[in-house]
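Asks: Below is the structure I would like to discuss, written out as structure tokens.
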Amino acid sequence: MNPVSAGHAGLAPSPWVQRWSALVAPGAQVLDLACGSGRHLRWFAQRGCHVTGVDRDAAALQASRELGELVTADVENGPWPLPGRTFDAVVVTNYLWRPLLPHIVASVAPGGVLIYETFAVGNETVGKPSNPDFLLRPGELLRAAEGLRIVAYEDGFLDAPPRFVQRIAALRESPDGEAARHPL
């Protein structure tokens with residue numbers, strides 16, 4: 001698993017996740033992949049969502065045991081733990097395992113949102129992770145979300161703490177074809 005995914009106890013939710021959580025209705029089913037100790041599970045549960053967290057670290061998951069469904073799974077070495085399930089929102093932060101990208105996108109239900117933020121090429125010049133296996137290449141997140149409607153995308157450098165990131169908020173259109181109003 002990505003070396004940065006270790007426990008997020010005490011960390012505030014990502015500002016990117018906070019911003020785009022307006023696209024997630026109360027009561028929505030939310031998946032947080034590589035959730036660590038659950039900072040985003042807590043954020044969405046406090047907004048009335050039903051949360052599912054997946055992480056390989058059972059001890060980290062214990063911090064979120066009262067929030068919702070928790071799945072201990074090594075998604076890099078085992079099968080996808082949620083076959084056939086879709087969610088109104090899928091959240092991924094500070095984690096990249098390329099073989100999972102199709103599963104992640106397929107887990108977004110019709111009318112649902114993908115909120116993803118992780119490290120990008122360039123980060124090796126400022127710190128960890130520096131392994132290219134854990135750094136998105138230019139435009140890679142856009143290509144992974146092909147078939148979804150891109151609401152927001154950024155690829156660049158953030159100052160505090162210094163890091164290179166790519167992040168996306170993308171929607172799977174509803175099958176009824178009705179134009180949805182998405183708050184920006």
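Asks: Restricting attention to the stretch 150-184, and to residues there that are among the charged types (D, E, K, R) and at pLDDT 95 or above, which single residue is farthest from Ala106 (Cα to Cα)?
Replies: Arg163
Asks: Quick one: which of Leu61, Leu82, Leu70, Leu101 is assigned to a strand (DSSP E or B) and either free of Cβ contacts under 8 Å to residues at least 60 places away in the same chain or among the basic types (Lys, Arg) (or both)?
Replies: Leu70
Asks: Here's a follow-up. Can you tell me which of (1) in contact (Cβ under 8 Å) with a residue 12 or more places away in the chain; (2) of a type outside the set (A, V, I, L, M, F, W, C); (3) over 20 Å from Trp16 (Cα atoms); (4) not in a strand (DSSP E or B) is the one Pro110 doesn't meet?
Replies: It fails just one condition, (4).
Asks: Let me ask something additional. Can you pull out the residues in the stretch 155-172 that are touching a strand residue (DSSP E or B) at 6+ places or on another chain (Cβ under 6 Å) and either under 17 Å from Pro102 (Cβ atoms) or in contact (Cβ under 8 Å) with a residue 40 or more places away in the chain (or both)?
Replies: Phe164, Val165, Gln166, Arg167, Ile168, Ala169, Ala170, Leu171, Arg172
Asks: Could you say which residue among Val17, Val71 is of a type in the set (Val, Ile, Thr) and within 29 Å of Val121 (Cβ to Cβ)?
Replies: Result of the check over Val17, Val71: Val17.
Asks: Right, another one. Looking only at the stretch 36-55, count every residue that is out of contact with any Ser or Thr (no Cβ under 8 Å at 6 or more places or on another chain) and part of a loop (DSSP other than H, G, I, E, B) and tell me the total.
Replies: Within the stretch 36-55, residues that are out of contact with any Ser or Thr (no Cβ under 8 Å at 6 or more places or on another chain) and part of a loop (DSSP other than H, G, I, E, B) number 3.
Asks: For the stretch 125-146, give me the residue count where each residue is under 16 Å from the mean Cα position of the chain (by Cα) and not charged (D, E, K, R).
Replies: 7
Asks: What residue, of Glu124, Glu117, is modelled with pLDDT of 95 or more and not in a strand (DSSP E or B)?
Replies: It is Glu124.
The values are calculated or read from the model by the stated rules, or taken from the named source; none is laboratory data. This is a predicted model, so every value here is computed, not measured. Neighbour counts run over all protein chains shown; Cβ positions are idealised from the backbone, glycine included.
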